[in-house]
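Chemist: Sharing a structure here in structure tokens format.
Just so it is clear, none of the values below were taken in a lab; they were calculated from the coordinates. Owing to the predicted nature of the structure, the values given are computational and were not obtained by experimental measurement. We place every Cβ from the backbone using ideal geometry, glycine too, and count neighbours over all the protein chains shown.
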Amino acid sequence: MRLALRTAVWIVLGTLICPIGVQAAEEMFHTRIRYQVQPDSTRSEWVDIDFGELTLRPGMAGSAFVGDAGITVVIATAGREQLLIDFTLTTLPPAATVVTRQLVLDRGRHLEIAGLRYEIRYKARVVVSFHPYDGELECDFGSPEGARTVDEFVSDIPLHGAPSTVGDSLAEYDDRMWYVDPSAHFEVYFIHNTLGDFGWNGVRDFLEKEFQQFDNAFHLNRAQRVHFFISPCRVPEIAWIPHRNWAIFPTTFKAFGLYNRDHRDISGVPTNLNYFYRYLGYAPLCLAEGAARGFEYDHYYAKKLKWRGHLPRPSRWWSNILYKSYPDSGLYIAAGSFVNFLIATRGQAEFFRLYAMANDLNRETVFPSVYGESMREIEDDWLNFVDTVRVYPHIARYFASRAQAMGSNDEAIELMEVVIDIDTADVSKEKDDLSLLYFIGGQYDKAVDVILTMNDRYRNAGRVRQMGSVALFFGGRIDSARTAFGDLLADEKVSEQVRSAAYLILGWLEKTEGNFDVADSLFSIPEPGTRGTMLDHIEIALHRGQMRRAEGKDAEADSLFRLALQVTLGVLQSRPGGGDLYLRIGEAYVGLGHADTALIYLDVAEFLEQRPYYVGRLLNALGNAHDLLNMRDFALEFYREALETPTSYPARADARKYLQRPYRVEPAS
């Protein structure tokens, strides 16, 4: 919905002046919140030290944390003559101040609200300005009409309900937008059918692990639970920290983390910040976030930044308004490295003294008062330390596994490569992990190359040989793949499960090459008495169904596709977040000729699945479904994308085939 505005409203808490004019019936407001202090009581000058921004429509509650104050503002109504605004401000302990007002603003009136105190020493005020905003909210789940971009973050889950309904407890509906499910130390919120819903268990486990690390290090006796929101996008009613994918609201113990296809930035940092601010009071974000990042790998990344000449000095960006304005991740990495160097070399007790005394205006005096050194002098020590930072294999391994768990495959690869480069011991286990990371990321040749450098025990393990053989096939090295699979199947020591999977993939290879008789014999081998997985049987049914359909044996094809569908739907009950399962269901419906139903499941698979070897199959299945609907132009787009996207050799081979002739099948009865 595009909404027009004609006015600006200015509210100053402290001394408040509000020029207000007439506005349209439907309005949107870009809301900027400024936290100001008056350093010198003899002068009237006010200094900005922090800010936050929101975009709101009437009726939407917006929240921001600026300076030492949590602020909630609601433009309750916006009439032709007056604005009705609900406003709540709560400062942090120990000297907490609460201001609650419902303001009826006659347009053109001036308004003043009582002043605040900033850390006892300074007078403070909050300035809230409402500016016309002509546009749509990027991510407005609360709107009755919705917003265009919300569809990017939400999927329709057919038949089975959301993954959140499968687990230890049933999620509760908290309000119009969020569901909530508890863990040991968190209330974890999510929006139904977003990736946060699918990834709830993993996020919960990760947050609990991060919680334990922080609790063991700082011993803050944290009794209160954090309300953690797994947010699919930057919901507009929250003032997100600039250049971060999280937000905090410590006066109510709320933290937000971004979790979608492009960003899975769930970490303990916003949780840790909440506890610092709630239990220790306010300190500049540079100091507080730096300490909250104690369990990030900032020393390593700070060293990389310094080598490139891009490592900033935190002292130059000390106040919140400067710190938040820094344009990229370099400053908060520097803050994390600096503060944790400070704690490690000067002690936690002295850091707590610094934290208690520091504010945005006293950098020059607070460091000498606590440490007998200026911040610049300590920074010089830190910069020298950064040059000496060593990468310890066990630490890099931990952060690589952490990155992989949160879907940051490239970061995991980088760190595992570093481990292999620096570790003087046998690193075949790490090479095993790295080859899998390459495989998952679609870098099949690199996966094979790494396998060849493993020691004999790893390189000759059936599981590793199977992955290497598949990587050869997916990378298009067909003759080498045939040889590798042949050697693997000739080894009597290979487990039945690996053997079953090898027959399946080799059959897939021969099917891709058009050798249906050979493929069919390979698919038939593992069936009697096999210990292959349920997915092996589903895959065999799908491949054989596709061959029977191509041979015109429609009754047999229908039976195989129905079998694949029935078994996959059963597996889905226990793994409702499996994008690969929705893909297989979609492929079965495509094989049966039910394009409309197939697209429902394929759309869910597209929402969930990012692994290249599944993405290629997905694009071809989407193309097949659109061919069945006689939408050839759309189908061609999917096939071309399968050729242009890093996928796999069989996906590209199928795409080339379907580019030449449309996919066709008579709908099953």
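Chemist: If r is the Cβ-Cβ distance from Ile120 to Asp262 and R0 is 41 Å, what FRET efficiency results, to the nearest 0.05?
Modeler: Details: r = 44 Å, r/R0 = 1.06.
After rounding to 0.05, the efficiency reads 0.40.
Chemist: Moving on to the next point. Can you tell me the alpha carbon radius of gyration of region 281-343 divided by the globular rule-of-thumb value 2.2 N^0.38 Å?
Modeler: Working: Rg = 10.8 Å, N = 63, 2.2 N^0.38 = 10.6 Å.
That ratio works out to 1.01.
Chemist: In region 283-389, how does Rg compare with the Kirkwood Rh, expressed as the Rg/Rh ratio over alpha carbon atoms? Display every interim value, and only then the final one.
Modeler: Numbers: Rg = 12.5 Å, Rh = 13.5 Å.
For region 283-389, the value is 0.93.
Chemist: What FRET efficiency comes out for Asp449 versus His243 if R0 is 30 angstrom and r is the Cβ-Cβ distance? Round to the nearest 0.05. Display every interim value, and only then the final one.
Modeler: Details: r = 37 Å, r/R0 = 1.23.
In this case the efficiency is close to 0.25.
Chemist: Would you kindly derive the ³J(HN,Hα) couplings of region 577-594 from the backbone phi angles with the Karplus curve 6.51 cos²θ - 1.76 cosθ + 1.60 (θ = phi - 60°), listing them in order in whole Hz, with x for Gly and Pro?
Modeler: Result, rounded to whole Hz: x, x, x, 5, 6, 4, 4, 5, 4, x, 5, 5, 5, 4, x, 7, x, 9.
Chemist: Related question: Given Cβ point charges of +1 (Lys, Arg) and -1 (Asp, Glu) and nothing else, what value in debye, to the nearest 20, does the dipole of the chain about its Cα centre take?
Modeler: Details: 70 positive and 90 negative charges, 216 e Å.
Around 1040 debye, computed over the chain.
Chemist: State the antiparallel share, in %, of DSSP beta bridges confined to the chain, rounding to the nearest 5. Spell out each step's value before the answer.
Modeler: Working: 63 of 75 bridges.
Beta bridges within the chain, antiparallel portion: roughly 85 percent.
Chemist: Ok, one more. Starting with the fewest neighbours, write out Leu628, Leu643, Leu618 ranked by other beta-carbon atoms found within 10 Å of each beta-carbon.
Modeler: Details: Leu628 23, Leu643 15, Leu618 27.
Fewest-to-most ranking of Leu628, Leu643, Leu618: Leu643, Leu628, Leu618.
Chemist: If you plug each phi of region 181-194 into the Karplus form 6.51 cos²θ - 1.76 cosθ + 1.60 with θ = phi - 60°, what whole-Hz ³J(HN,Hα) values come out, in order, with x for Gly and Pro?
Modeler: These are the phi-based 3J(HN,Hα) values: 9, x, 10, 4, 10, 9, 9, 9, 9, 7, 9, 3, 6, 9 Hz.
Chemist: Counting pairs of Cα atoms in region 358-453, how many percent are more than 17 Å apart?
Modeler: Numbers: 2818 of 4560 pairs.
Every Cα pair in region 358-453 considered, those over 17 Å come to 62 percent.
Chemist: If I take R0 = 22 Å and measure r between the Cβ atoms of Gln212 and Glu350 in this structure, what FRET efficiency does the formula 1/(1 + (r/R0)^6) give, to the nearest 0.05?
Modeler: 0.35
Chemist: Moving on to the next point. Could you tell me whether region 575-669 comes out rounded, prolate or oblate from its Cα gyration tensor? Rule is a ≥ b ≥ c as square roots of the eigenvalues, rounded for a/c under 1.5, then prolate if a/b exceeds b/c, otherwise oblate.
Modeler: Working: a/c = 1.88, a/b = 1.04, b/c = 1.81.
In terms of gyration-tensor shape, oblate.
Chemist: Same structure, new question: Any chance you could run the full-extension gain for Arg308 through Leu569? It's 0.36 nm times the residue separation minus the Cα-Cα distance, nm to one decimal.
Modeler: Working: separation 261, 0.36 × 261 = 93.96 nm, distance 5.19 nm.
Stretched fully, the Arg308-Leu569 segment lengthens by 88.8 nm.
Chemist: Report which label in (i) 59; (ii) 66; (iii) 63 holds the value of percent of Cα pairs over 32 Å apart derived from the coordinates of this structure.
Modeler: Evaluating percent of Cα pairs over 32 Å apart on these atoms matches (i).
Chemist: May I pose another question? So which trypsin sites (Lys or Arg not before Pro) in region 354-413 pass both tests, a DSSP loop state and at most 14 other Cβ atoms within 10 Å of the Cβ? Walk me through the intermediate numbers first.
Modeler: Details: sites: Arg363, Arg376, Arg390, Arg397, Arg402; in loops: Arg390.
Of the trypsin sites (Lys or Arg not before Pro), the ones in loops of region 354-413 whose Cβ has at most 14 other Cβ atoms within 10 Å are Arg390.
Chemist: Also: So if each residue of separation counts as 0.36 nm, and I subtract the Cα-Cα distance between Ser315 and Phe634, what length gain in nm does that give? Before the final figure, lay out the partial values.
Modeler: On the way: separation 319, 0.36 × 319 = 114.84 nm, distance 5.50 nm.
Full-extension gain reported as 109.3 nm.
Chemist: Would you mind checking Lys431/Lys493; Lys254/Lys306; Lys511/Lys553; Lys209/Lys254; Lys431/Lys657; Lys304/Lys324 for any pair whose Cα atoms are more than 27 angstrom apart? It would help to have the intermediate numbers written out before the result.
Modeler: Values: Lys431/Lys493 23 Å; Lys254/Lys306 34 Å; Lys511/Lys553 16 Å; Lys209/Lys254 18 Å; Lys431/Lys657 36 Å; Lys304/Lys324 22 Å.
Too far apart for the 27 Å limit: Lys254/Lys306; Lys431/Lys657.
Chemist: Turning to a different aspect of this structure: Using only helices, what value at 222 nm comes out for the chain when you add -39,500 (n - 2.57) per DSSP H run of length 4 or more and divide by the total residues, to the nearest 500 deg cm²/dmol? Provide the component values of the computation, followed by the final result.
Modeler: Numbers: 26 runs with 320 residues, N = 669.
For the chain, the value works out to -15000 deg cm²/dmol.
Chemist: Over all directions, average the projected area of the Cα convex hull of region 317-361 and note it in nm². Walk me through the numbers before you get to the answer.
Modeler: Values: hull surface 13.0 nm².
Computed as one quarter of the Cα hull surface, the answer is 3.3 nm².
Chemist: While we're here: Please report, largest first and rounded to whole Å, the three semi-axes of the ellipsoid equivalent to region 238-316, where each semi-axis is the square root of five times an eigenvalue of the C-alpha gyration tensor. Show your work: numbers first, answer last.
Modeler: Numbers: eigenvalues 106, 59, 24 Å².
Ellipsoid semi-axes (Å, largest first): 23, 17, 11.
Chemist: A follow-up question, please. Give a residue-ordered list of calculated ³J(HN,Hα) values for region 271-278 (Karplus: 6.51 cos²θ - 1.76 cosθ + 1.60, θ = phi - 60°; whole Hz; x for Gly, Pro).
Modeler: 5, 4, 4, 4, 5, 4, 5, 6
Chemist: Say a paramagnetic label sat at a point 7 Å from the Cα of Leu659, along Cα to Cβ; which residues of region 579-622 have their backbone N under 20 Å from it?
Modeler: 612-622
Chemist: Can you pull the Rg over Rh of region 165-282, Cα-only, Kirkwood?
Modeler: Values: Rg = 13.6 Å, Rh = 14.4 Å.
My calculation of the ratio gives 0.94.
Chemist: Give me the mean projected area, in nm² to one decimal, of the convex hull enclosing the Cα positions of region 27-88. Before the final figure, lay out each step's value.
Modeler: Details: hull surface 20.6 nm².
Mean shadow area of the hull around the Cα atoms is 5.2 nm².
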